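Enquirer: The structure under discussion is supplied below as structure tokens; questions concerning it will follow.
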Amino acid sequence: MRTIPNYFLVNLAISDIIMAIFCIPFTFVANLLLNYWPFGETMCPLVSYLQVVAVFLSAYTLVAMSFDRYIVIVHPFRPRITTRKTLCVIIIIWILSLSIPIPTLIKSKVQYYSNTSGQCLETWDNNHTLMYAYSTGIMVLHFFGPLVVLIFCYSRIGYNIWKKTLHGNDENKRRLQLASAKQKVSTTIIESSQMTSNLRIS
């Protein structure tokens, strides 16, 4: 079970567990059931931060898996990534996923609109330029960038499989034609030998 794809699948499962435990229940209760943040000021930045971390973990793990499949299918004669390199890639994914959303951890606070209730939001102190720059960077790094890589890898994989399938079908047709021709030749030889033996007997 300790194969390269399974290491990436375990990392993907960890990101899903983080999302399921630390993000979904808090968001569901705060946004859908209560419409305010009831979990205190400490949990607000932590939950917001872990949400972004989980998304980055999922996106970058899928990118790493697509690269692995791309090398195996499109370049089958190249040496495959080793277990040690795989673990290094996973460590790099964790470092990036934990470091990129640090501004979310710093800027997320409970904004109170009454004495008892408020919303967990990012507060940028009216610095809209910095907020838009950070939001754009997050969008590029965890959506558009991985999307471009995934489209490239899987389109090349699909094209390679389609080309091999067509090539394989052509080879199968040629093999069937050769087998049919050989069968016809052997049948003709058998019939001619039978006719020759019949003529000798007569």
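Enquirer: Would you pick out the residues in region 93-129 that are in a helix (DSSP H, G or I) and loosely packed, with under 13 Cβ neighbours inside 10 Å?
Expert: Ile95, Ser99, Ile102, Ile106, His128, Thr129
This table checks each residue for (1) touching a strand residue (DSSP E or B) at 6+ places or on another chain (Cβ under 9 Å); (2) not β-branched (Val, Ile, Thr).
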{"site": "Ser48", "(1), (2)": "yes, yes"}
{"site": "Val53", "(1), (2)": "no, no"}
{"site": "Val72", "(1), (2)": "no, no"}
{"site": "Phe77", "(1), (2)": "no, yes"}
{"site": "Thr83", "(1), (2)": "no, no"}
{"site": "Ile92", "(1), (2)": "no, no"}
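Enquirer: Filter region 17-37 down to residues that are surrounded by 13 or more Cβ atoms within 10 Å (Cβ to Cβ) and not β-branched (Val, Ile, Thr) and give me whichever is farthest from Thr61 (Cα to Cα).
Expert: Tyr36
Enquirer: If you don't mind, another one. Confirm whether Ser97 is under 16 Å from the mean Cα position of the chain (by Cα), among the small types (Gly, Ala, Ser) and over 11 Å from Phe8 (Cα atoms).
Expert: On the way: under 16 Å from the mean Cα position of the chain (by Cα): yes; among the small types (Gly, Ala, Ser): yes; over 11 Å from Phe8 (Cα atoms): yes.
Yes.
Enquirer: Out of region 1-13, which residues are open to solvent by 70 Å² or more (accessible area, probe 1.4 Å) and modelled with pLDDT of 90 or more? Don't jump to the end; show me each part of the working.
Expert: Of region 1-13, the ones open to solvent by 70 Å² or more (accessible area, probe 1.4 Å) are 1-2, 9-10.
Matches in region 1-13: Leu9, Val10.
Enquirer: A follow-up question, please. Could you list all residues from region 34-51 that are of a type in the set (A, V, I, L, M, F, W, C) and within 15 Å of Ile21 (Cα to Cα)?
Expert: Taking region 34-51 and keeping what is of a type in the set (A, V, I, L, M, F, W, C), we get 34, 37, 39, 43-44, 46-47, 50.
Phe39, Met43, Cys44, Leu46, Val47, Leu50, listed by residue number.
Conditions tested, residue by residue: (1) aliphatic (A, V, I, L, M); (2) in contact (Cβ under 8 Å) with a residue 60 or more places away in the chain; (3) within 18 Å of Ser135 (Cβ to Cβ).
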| site | (1), (2), (3) |
| --- | --- |
| Phe28 | no, no, no |
| Glu41 | no, yes, no |
| Ser58 | no, no, no |
| Leu62 | yes, yes, no |
| Ser99 | no, no, yes |
| Ile102 | yes, no, yes |
| Gly118 | no, yes, no |
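Enquirer: Looking at region 39-49, which of its residues are under 28 Å from the mean Cα position of the chain (by Cα) and open to solvent by 30 Å² or more (accessible area, probe 1.4 Å)? Show your work before the answer.
Expert: Applying the first criterion (under 28 Å from the mean Cα position of the chain (by Cα)) to region 39-49 yields 45-49.
Listed by number, the list holds a single entry, Leu46.
The values are calculated or read from the model by the stated rules, or taken from the named source; none is laboratory data. Remember, it's a predicted structure, so these values are computed and weren't measured experimentally. Here the Cβ is made from the backbone with ideal geometry for all residues, glycine too, and neighbour counts use every protein chain on show. Remember, those area values only see protein heavy atoms, side chains included, never the ligands or the DNA or RNA. Shrake-Rupley method; radii C 1.70, N 1.55, O 1.52, S 1.80 Å.
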